[in-house]
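These notes are about the structure you will find just below.
The values are calculated or read from the model by the stated rules, or taken from the named source; none is laboratory data. No experiment lies behind these values; they were computed from the predicted model shown. Backbone-built Cβ (ideal geometry, glycine too); neighbour counts: all protein chains shown. Heavy atoms of the whole protein, side chains included, go into the accessibility calculation; ligands, DNA and RNA do not. Shrake-Rupley method; radii C 1.70, N 1.55, O 1.52, S 1.80 Å.
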Amino acid sequence: MKNDVLKGIRVIDLTTYAAAPGAGRIMADWGAEVIKVEGFSGDPMRLFGLQMAIPSGDDENPIWEVENGNKKGVTIDLKNPKGHALMIQLLQSADIFITNVRMSSLKKMGLDYETLEPQCPKLVWGHISGYGVYGSEAPRPGYDVVSFWSRGGSLVDTSPIGHPPMTSPYGVGDHTTSLVLLGGVLGALNKAKTTGVGEKVEVSLFGTAVWVNSLMVISSQYGDQWPKDHYQPSSPLSATYRCSDGEFITLTILAYERYWKAFCEAMEIPEYIDDPRYNTLVIAKKPENCDPLVHILEAAFAKKDSMYWAERLKAADIAFERANHYSDVSKDEQAIANHYVEKITMRNGNTCMLPMSPVQFKVNEAPELNPAPLLGQDNEEILKTLGYSEEEIKKMKEEKVIG
């Protein structure tokens, strides 16, 4: 199904890697015409899959598809005066411009907001940086792992005490920040459509990390210690336990007293239902009670496998989850039923269960996904929309204005 909620909106996408391209991908899924602008060597994300042992060629490149499906693609030499003029024409034809090019480079190219505003007064200009636009560290390069995970606190404070920091997952901060940029530019688009005046939208990986980690940023100011000792969680019923098959069950029972009896029955430990050390959260979370209770629950979970406990907890209407591996997600029946993953056929005929953008409209269908653009594949089509003739386009290729 082709979504059309952004039909008629043109987006110029001068982006690399994942955070900013992700916002463009979702707008393309929603029916916007998203034009990916690349230099002649292309976005480095075209080859990112190689470090993850994923095919990264023109005929099969699932990482590239995730970030850039449904987009059109042009190649322009922005250092060439004619290429720069062409870029300005594209921006004057557009509603939204998104980029993650560092501010110093944008200013050199005349693509910063202040330079573009007089030329494109209705344009929504959206930018992602690593650390924001103010302060002494604003010019620093930033990526998901350093700006989001490390600077935002998650890298060390979600790792076990006494162990090295975990290996942060790829792209989690990027894709979270892409949603923030998406919301910002669409809010600004509403302003532009109603007032005729464009807007500048700034988001950063670090700023997004501060927001998504809000509860811990606050609690740590009031003595809440991070990282957490496994035997001193915030609540024994909001913790993770190993089962006999080596897999884990994660509990999130926020209404502790309401579910304590049902939980004990599901876990086959009814002898603790009326135990005053454990049947209220305010008492159970005291260090002298929390540690032994976690040991009790560890022993209970270790008696049976994760599927056994999953069935019992589900029957008791307990909030829990059997902890999936990444390899499980592409086969997850719930993900497939909701079209969170879709089987996609690559240009070479191979298939992949590809994650889809997470918003659906009206019907339970994933958006139609057209292949991400080959390098410069839509040069002629896009230039013709700007009024260039075939002869003029041919001359631009000869002069290396376009690739």
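Could you tell me which of the residues GLY183, GLY162, GLY187 is free of Cβ contacts under 8 Å to residues at least 24 places away in the same chain, at positive phi and open to solvent by 30 Å² or more (accessible area, probe 1.4 Å)?
Values: GLY183 fails: at positive phi; GLY187 fails: at positive phi.
Just one listed residue meets the conditions, GLY162.
Scanning for something in contact with a Pro (Cβ under 8 Å, 6 or more places away or on another chain), assigned to a strand (DSSP E or B), surrounded by 21 or more Cβ atoms within 10 Å (Cβ to Cβ) and at pLDDT 95 or above, does region 34-53 turn up at least one residue? Let's see the steps before the verdict.
So in region 34-53, the residues in contact with a Pro (Cβ under 8 Å, 6 or more places away or on another chain) come out as 36, 43, 45, 49.
With assigned to a strand (DSSP E or B) added as a condition, the list becomes 36.
Filter once more, so that each one left must be surrounded by 21 or more Cβ atoms within 10 Å (Cβ to Cβ): 36.
Restricting the remaining residues to those that are at pLDDT 95 or above gives 36.
Checking region 34-53: at least one residue is in contact with a Pro (Cβ under 8 Å, 6 or more places away or on another chain), assigned to a strand (DSSP E or B), surrounded by 21 or more Cβ atoms within 10 Å (Cβ to Cβ) and at pLDDT 95 or above.
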Looking at ALA28, ALA94, which is the one that is modelled with pLDDT of 95 or more and in contact with a helix residue (DSSP H, G or I) (Cβ under 9 Å, 6 or more places away or on another chain)?
ALA28
Is at least one residue of region 357-377 over 21 Å from ASN68 (Cα atoms), open to solvent by 30 Å² or more (accessible area, probe 1.4 Å) and over 22 Å from the mean Cα position of the chain (by Cα)?
yes
Just wondering, is there one or more residues in region 196-206 that are out of contact with any Leu (no Cβ under 9 Å at 6 or more places or on another chain), open to solvent by 50 Å² or more (accessible area, probe 1.4 Å) and hydrophobic (A, V, I, L, M, F, W, C)?
yes
Looking at region 357-378, is at least one residue at pLDDT below 95 and of a type in the set (Lys, Arg)?
yes
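Looking at this structure, is LEU90 free of Cβ contacts under 8 Å to residues at least 40 places away in the same chain, over 24 Å from PRO367 (Cα atoms), touching a strand residue (DSSP E or B) at 6+ places or on another chain (Cβ under 8 Å) and outside any loop (DSSP other than H, G, I, E, B)?
Details: free of Cβ contacts under 8 Å to residues at least 40 places away in the same chain: no; over 24 Å from PRO367 (Cα atoms): yes; touching a strand residue (DSSP E or B) at 6+ places or on another chain (Cβ under 8 Å): yes; outside any loop (DSSP other than H, G, I, E, B): yes.
The answer is no for LEU90.
If you take the residues in region 132-159 that are within 16 Å of the chain's Cα centre (by Cα) and hydroxyl-bearing (Ser, Thr, Tyr), which one is surrounded by the fewest Cβ atoms within 10 Å (Cβ to Cβ)? Explain how you work it out, then say what you get.
The initial filter retains those residues of region 132-159 that are within 16 Å of the chain's Cα centre (by Cα), namely 142-149, 152, 154.
Next, only the ones that are hydroxyl-bearing (Ser, Thr, Tyr) stay: 143, 147, 154.
Working: TYR143: 16, SER147: 27, SER154: 21.
That would be TYR143.
Within region 1-18, work out how many residues are under 26 Å from SER168 (Cα atoms) and open to solvent by 10 Å² or more (accessible area, probe 1.4 Å). Even if it seems obvious, please write down each step before you answer.
Within region 1-18, the subset under 26 Å from SER168 (Cα atoms) is 15-18.
Subsequent filtering for residues that are open to solvent by 10 Å² or more (accessible area, probe 1.4 Å) retains 16-17.
The qualifying residues number 2.
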